[in-house]
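Participant: Would you mind keeping the following structure in view while I ask a few things?
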Amino acid sequence: MDVPIHAIRYFCVLAEELHFGRASERLSITPPSLSQQISKLEQKLGVKLFERNPRKVELTSYGRDLLPLARRLRDDHDLIVAWGRSVQRDIAAPHLRVGVVAAGAGALTTAAISTTLQKVPNARVEMRRLGFFDVAGDLEAGLVDVVFAPWPLRLAPRVRTEPLWREQRVLVVPHGHHLAERESVSILDTKDEVFVAASGGAPEVVDWWLVDPRPDGSRPQRGPTADSIEGLLELVAVGAGVNIAGESASRRYQREELAYVPIDDIEPATVVLCSLSDTLNPMVQVFRETALELSPIVGGEMHSE
């Protein structure tokens, strides 16, 4: 038996009003049309739902039994329709998934997202934290559309990188460490330290962050590893070693157990914006242009070896 939802809706309204004139006005149809639709419903169900006479309209016992079921069906149908419309709006809305490695580009990350939302107010922006060496894989898997990540990186040919931000690198040490109160240090001041480092990445990338080899030809002592900035900082906090990070980490990851000391004689860190050169998402171009407009670095792509 096929009972159309509009017939259920007509039945509910008439059961609430118990008056064909008022019910038809609510439904924006004529009283004869409403009467015809109710009669068709009664024929389908094989029972009489209303007692009708010139003075009043009343529900029959069958009508009273049907009413709570009909209301539930009507309300569930409305919920499904509302859900479908919201899904259609979400699909139609411009969307951008932004990945961030470590501290990203500091304040520039926030500014780029904020300005993009001003340009495209109905856009949906999703944020995702990435591990040090997840950039290429997550971009190619479609898990993110753009990524703020520290350079150097080992990337696939279709991943485009554009420099956005440069910042001094800092030595991360535990509170109370003998270098913690220094205004700055030389990389050669760290020759007796054990360094914690990122795990699972390209050796040349890890070497760059550890400054291995050092200007005097020495090599840093290596200790435990972690696959995220949070993990590295936790290792430093418990005294397992020291670490080198970008200066923005000192603001984003402030902890009482840690001190961040500028290193004044090594190359600064560069944060790049990564995206697929063949992406079909138009929001990527909007975001790239916005980030580059806000960047203090004059453009120019960087290339992995």
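Please treat every number below as a calculation from the coordinates, not as lab data. The structure displayed is predicted, hence computed values, not measured ones. Glycine also receives a Cβ, built like all others from the backbone with ideal geometry; neighbour counts cover every protein chain displayed.
Participant: Rounded to whole Å, give me the distance from the Cα center of region 154-171 to that of region 38-62.
Facilitator: Cα centroid to Cα centroid, the span is 74 Å.
Participant: May I pose another question? Cross-link partners among aspartates and glutamates for LYS40, C-alpha distance below 16 Å, same-chain residues fewer than 8 apart left out?
Facilitator: Once the sequence-local aspartates and glutamates are set aside, what remains near LYS40 is ASP2, GLU51.
Participant: For an R0 of 30 angstrom, estimate the FRET efficiency from the Cβ-Cβ distance between ARG154 and VAL194 and round to the nearest 0.05. Mind showing how you got there, number by number?
Facilitator: Working: r = 25 Å, r/R0 = 0.85.
Working from the Cβ atoms, E equals 0.75.
Participant: Return the long-range amide H neighbours of LEU130 (sequence gap of 5 or more, or a different chain), with a cut-off of under 5 Å between placed amide H atoms.
Facilitator: Sorted by chain and number, the residues that satisfy this are VAL100, VAL101, ALA102.
Participant: What distance in nm separates the two pseudo spin-label positions at ARG255 and GLU17, each 7 Å out from Cα along the beta-carbon direction?
Facilitator: 6.7 nm
Participant: May I pose another question? Helix 107-119 versus the longest principal axis of the chain: what angle, 0 to 90°, nearest 10, using Cα atoms?
Facilitator: So the inclination is approximately 30 degrees.
Participant: Within 12 Å, Cβ to Cβ, of GLY104, how many net charges do the neighbouring residues add up to if Lys/Arg are +1 and Asp/Glu are -1?
Facilitator: Numbers: positive: ARG128, ARG129, ARG251, ARG252; negative: GLU167.
Here the count lands on +3.
Participant: What length, rounded to one decimal in nm, is gained on full extension from ASP207 through to LEU117, with 0.36 nm per residue of separation minus their alpha-carbon distance?
Facilitator: Values: separation 90, 0.36 × 90 = 32.40 nm, distance 3.77 nm.
Extra length available between ASP207 and LEU117 comes to 28.6 nm.
Participant: Here's another thing I want to ask about it. Under a 10 Å cutoff between Cα atoms, tell me which one of SER186, SER277, SER28 has the largest fluctuation in the Gaussian network model of the chain.
Facilitator: Residue with maximal mean-square fluctuation among SER186, SER277, SER28: SER28.
Participant: Can I ask one more? Rank LEU96, LEU280, LEU73 by mean-square fluctuation in a GNM of the chain with C-alpha springs under 10 angstrom and give only the top-ranked residue.
Facilitator: Answer for the Gaussian network model of the chain: LEU73.
Participant: Anyone know which of LEU188, LEU69, LEU258 comes out most mobile in the 10 Å Cα GNM of the chain?
Facilitator: In this elastic network of the chain, the residue with the biggest mean-square fluctuation among LEU188, LEU69, LEU258 is LEU69.
Participant: Find how much the distance from LEU143 to GLU58 grows on full extension, using 0.36 nm per residue of separation minus their present alpha carbon separation; answer in nm with one decimal. Walk me through the numbers on the way to the answer.
Facilitator: On the way: separation 85, 0.36 × 85 = 30.60 nm, distance 5.87 nm.
The LEU143-GLU58 span can extend by a further 24.7 nm.
Participant: Given only helices, namely DSSP H runs of n ≥ 4 each adding -39500 (n - 2.57), what is the per-residue ellipticity at 222 nm of the chain, to the nearest 500 deg cm²/dmol? If you can, show how the numbers build up before the last one.
Facilitator: On the way: 10 runs with 121 residues, N = 305.
For the chain, the value works out to -12500 deg cm²/dmol.
Participant: I'd like the antiparallel share, as a percent to the nearest 5, of DSSP beta bridges with both residues in the chain. Don't skip to the end; give the middle numbers.
Facilitator: Working: 26 of 42 bridges.
The answer is about 60 percent antiparallel.
Participant: Kindly write out, for region 45-62 in residue order, the coupling ³J(HN,Hα) from the Karplus curve 6.51 cos²θ - 1.76 cosθ + 1.60 (θ = phi - 60°), rounded to whole Hz, with x marking Gly and Pro.
Facilitator: 7, x, 9, 8, 9, 10, 9, 10, 8, x, 8, 7, 10, 10, 6, 7, 4, 5
Participant: In whole Hz, what ³J(HN,Hα) sequence does region 163-178 give by Karplus (6.51, -1.76, 1.60; θ = phi - 60°), x for Gly and Pro?
Facilitator: x, 10, 8, 10, 8, 4, 8, 10, 8, 9, 10, x, 4, x, 5, 5
Participant: If one computes the Cα centroid of region 251-273 and of region 1-26, what distance in Å separates the two points?
Facilitator: Each part's Cα centre sits 68 Å from the other's.
Participant: Whose amide H sits under 5 Å from the amide H of LEU59, counting only residues 5 or more places off or on another chain, with H placed in the peptide plane?
Facilitator: Distant-sequence amide H within range of LEU59: GLU51.
Participant: Same structure, new question: Going by C-beta contacts inside 10 Å, put CYS274, CYS12 in order with the fewest on the left. Don't jump to the answer; show the numbers that get you there.
Facilitator: Numbers: CYS274 25, CYS12 18.
Ascending number of Cβ neighbours within 10 Å: CYS12, CYS274.
Participant: A further question on this structure: Pull up the cross-link candidates among the aspartates and glutamates for LYS48, meaning alpha carbon to alpha carbon under 12 Å and not fewer than 8 places away within one chain.
Facilitator: GLU58, ASP65
Participant: Here is a follow-up. Among (1) 24.3; (2) 20.0; (3) 22.1, which one is Kirkwood radius over Cα pairs in Å computed from these coordinates?
Facilitator: (1)
Participant: Taking the Cβ-Cβ separation of GLN43 and ILE80 as r and a Förster radius of 25 Å, what is the calculated FRET efficiency to the nearest 0.05?
Facilitator: Working: r = 27 Å, r/R0 = 1.07.
Calculated value: 0.40.
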